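These notes concern the structure reproduced below.
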Amino acid sequence: MTIRVGVIGAGIMGADHIRNLSRNIGSAKVSYVADVDRQRAESAAAVAGANPTTDPGELIASGDVDAVLIASHDSTHAELILESFEAGKPVLCEKPLAPSVEEGRRVVKADEEIIAATGTSLLSLGFMRRSDPGYVELKDALASGRVGDAVLVHCVSRNSASAPGATSESAVRNSAVHELDIIPWLLESPITEVSWHAGKPSPGAPAGLADPQLMLFRTANGVLTTLELFLNAEYGYSTRCEIVGEHGALSLVEPVSVAVDVERARSTGYARDWRPRFADAYRIELQAWISSLVPGAEGGPGVDRGSTLATARDGLQASIVADSVIDSMHNGGAWTAVGRIA
Ligand SMILES: NC(=O)c1ccc[n+]([C@@H]2O[C@H](COP(=O)([O-])OP(=O)(O)OC[C@H]3O[C@@H](n4cnc5c(N)ncnc54)[C@H](O)[C@@H]3O)[C@@H](O)[C@H]2O)c1
């Protein structure tokens, strides 16, 4: 069985997902591409031999679309998820679930009504670090007990340059949100308290963006996590995570394939952005989603829903934490308690 996927948003991520679904993912084909920018829709659709449209509603309603992948702007996510639910179609939506907690709650409510009625969720969320081989191994290594319990976690998230229009708040909701999801997942403990601080401003940062930012998270199990988020680090894209345990430490090793030895020095490269760094994670995430939709396949409906894909509730909880970080930002870095989903 082939799952015919309609992709909404043919920008950086949408185009990457379309290439993957067309070339690297089994049991999938892209049948429709929607983007409000007609030229983007047409050129991305051409790669896959799909129908282009500027109207996401036409894509969602189409009889040629079995499942919907949302990779359009954050502000469109909640509305497009709800429209896909109305059409009874499964959705993989890029993170974040929605820019506001209120919209996220509407999605979770609709998702839970569908689960109550059918026993199955229609929504998976694109927190792809859960599919990254490095993060999966880090979680397994911690669970093995070899370094004892975690006592501290250090995270660093650096980009070459911030996106146009980035602000301190959007950087938390859109970039730091990856750590807001992955830290509770790694530690199996929710974030209960947060504190936000600005570093000395980088000359490369636009007005309105404190860059770098330093965030502290405390999880219910007492572990303290630090996150340096630096969007204009210039030298490349870098995601680091070190878990300090009672008897040792576990660190992600950033993937490299080639080292250059010349003039008595060794060097390796950095990716320009997240796509090469997380290429395996995006492929594994997409394959897990498609397999969950194919009856009888491993991880398919009624067989095993225990995949690594994030849920609507995971997305809402990350947005709730993001709101608390932003509250701390506007309150001089005060420790701020994080609410839980009711
Ligand atoms: N998982 C990750 O690692 C990761 C990385 C980057 C971005 N993202 C997320 O992916 C999404 C897309 O990001 P991007 O970097 O590709 O952005 P982008 O700006 O390159 O692309 C977004 C596209 O959506 C289109 N669009 C906007 N509103 C639309 C609508 N109502 N209907 C159809 N198309 C619409 C735009 O014309 C644009 O082509 C965002 O939600 C972002 O947060 C996730």
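List of remarks:
- Test: residue in region 235-250 that is surrounded by 14 or more Cβ atoms within 10 Å (Cβ to Cβ) and over 19 Å from residue 134 (Cβ atoms): no
- Residue match in region 89-101 (condition: of a type in the set (Val, Ile, Thr), under 30 Å from residue 166 (Cα atoms), more than 21 Å from the chain's Cα centre (by Cα) and within 14 Å of the ligand (Cβ to nearest atom)): no
- Residue match in region 253-268 (condition: crowded, with 20+ Cβ neighbours inside 10 Å and under 24 Å from the mean Cα position of the chain (by Cα)): no
- Any hit, region 37-45, residues being farther than 18 Å from residue 106 by Cβ and either polar (S, T, N, Q) or in a strand (DSSP E or B) (or both): yes
- Some residue of region 288-296 being closer than 21 Å to residue 74 by Cβ and modelled with pLDDT of 95 or more: yes
- Residue pairs whose Cβ atoms lie under 9 Å apart, separated by 6 or more positions or on different chains, with the first residue in region 22-34 and among the charged types (D, E, K, R) and the second part of a loop (DSSP other than H, G, I, E, B), are 29/2; 29/49; 29/50.
- Of the residues 235, 282, the single one that is of a type in the set (Ser, Thr, Tyr), within 16 Å of the ligand (Cβ to nearest atom) and either in a loop (DSSP other than H, G, I, E, B) or over 27 Å from residue 326 (Cα atoms) (or both) is 282.
- Filtering 119, 165 for residues that are assigned by TED's automatic domain parsing to the domain that holds residue 60, at positive phi and out of contact with any strand residue (DSSP E or B) (no Cβ under 8 Å at 6 or more places or on another chain) leaves a single hit, 119.
- Test: residue 141 is farther than 29 Å from residue 10 by Cα and part of a helix (DSSP H, G or I): yes
- Long-range neighbours under 9 Å by Cβ, at least six apart or interchain, first residue within 25 Å of residue 78 (Cβ to Cβ) and assigned by TED's automatic domain parsing to the domain that holds residue 86 within region 41-64, second of a type in the set (A, V, I, L, M, F, W, C) and surrounded by fewer than 20 Cβ atoms within 10 Å (Cβ to Cβ): 52/46; 54/36; 55/36; 56/36; 60/87; 61/87
- Within region 133-151, the presence of a residue that is within 16 Å of the ligand (Cβ to nearest atom), crowded, with 23+ Cβ neighbours inside 10 Å and either closer than 20 Å to residue 183 by Cα or of a type in the set (S, T, N, Q) (or both) is excluded.
- So residue 26, is it among the small types (Gly, Ala, Ser), within 8 Å of the ligand (Cβ to nearest atom) and within 22 Å of residue 128 (Cβ to Cβ): no
- Some residue of region 49-61 being part of a loop (DSSP other than H, G, I, E, B), within 14 Å of the ligand (Cβ to nearest atom), of a type outside the set (Phe, Trp, Tyr) and surrounded by fewer than 16 Cβ atoms within 10 Å (Cβ to Cβ): yes
- Residues in region 77-120 that are in a loop (DSSP other than H, G, I, E, B) and hydrophobic (A, V, I, L, M, F, W, C): 87, 97, 98.
- Qualifying positions in region 210-232 - of a type outside the set (A, V, I, L, M) and in a strand (DSSP E or B): 213, 217, 218, 219, 225, 226, 228, 230
- When residues of region 65-88 are limited to those that are within 11 Å of the ligand (Cβ to nearest atom) and free of Cβ contacts under 8 Å to residues at least 40 places away in the same chain, the one surrounded by the fewest Cβ atoms within 10 Å (Cβ to Cβ): 75
The values are calculated or read from the model by the stated rules, or taken from the named source; none is laboratory data. This one's a predicted model, so the numbers in the text were calculated from it and none came from an experiment. When we count neighbours, we look across all protein chains shown, and the Cβ atoms used for this are built from the backbone with ideal geometry, even at glycine.
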